[in-house]
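To start, I am sharing the structure in question, which I have written as structure tokens.
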Amino acid sequence: MLSAVNTPADVPPATDSPQLIDARSPVPKYYQLREILLDLIERELTVDAPVPSERELAARYGLSRMTARQAIEHLVSEGKLYRVQGRGTFVARPKIDMPLRLTSFSEDMRARGMVPGARDLGRRSIDAPAAVARELGVEAGAPLYVVERLRTADGVPMALERSHLPARLVPGLLDQPLSDRSLYQLLAQEYGLLLDRGDQVIEAGIADRSDAELLALAPGSAVLRLQRRSWAGSVPVEYVVSTYRADRYQLRASLDIDPPGGTRT
């Protein structure tokens, strides 16, 4: 618990037993306020609830408005809060753990109790660029189908998916409806291609203007870029490049430590 400084008597505390700012602590004041706000979000506030204004926070904790603004801006950049111009700052939805396993977006969202959706952005046939051909194990210039979709959860834009598939494996794919099923379901049901393994690379990125508009982000916002190859048995079927909103996703993994000598019991 942080030790106390004087709090203005006319400003109500945020909680029955509020944490206060320790002016003598080596921890920066804005970071102490950030921790206080995180605790408030965790214990008391619901999604979309307003947080106190910079003026209120400055008065309550004996800080400058610039310090209060810095704490709020950190939480906005971390996706914990969001701003609405002219209205204030509000609690954001908790981030979703990105699955580190082979699963469709639709299956993942349904497992979380959310309603998956997709907006078809375009489908086309292309000659395989050398880099994509290498990922799919086909000759450069081989015919590929590209399916581009905006994925949503409970109506909120979450990710852009650009899937590349060898045309010889999925004839007629460009004419197949995808509104009521995932691409993985379609591949299994229509083509007998059950995807059972894959590999994935995840990198940090910045949304360009086009992607930002589709994802309801400001241009230059942080995103997560995924490149994934998926196989059905020994056959490479899909190479997908996805752009996920970094303000809605986080990575989580279980880590084990090998015992001395490298033998696990």
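Read the figures in this text as sums done on the coordinates, not as results from a lab. Everything numeric in this text was worked out from a predicted model, so none of it was measured. Cβ sites come from the backbone with ideal geometry, for glycine too, and all protein chains shown count toward neighbours.
Any idea what the relative contact order of the stretch 96-251 is, in percent, if you count C-alpha pairs under 8 Å spaced at least 6 apart?
23
Applying a 10 Å radius around every beta-carbon, put 235-245, 82-92 in order of their mean neighbour count, most first. Intermediate values should be presented prior to the final figure.
On the way: 235-245: 20.9, 82-92: 12.6.
Result, highest mean first: 235-245, 82-92.
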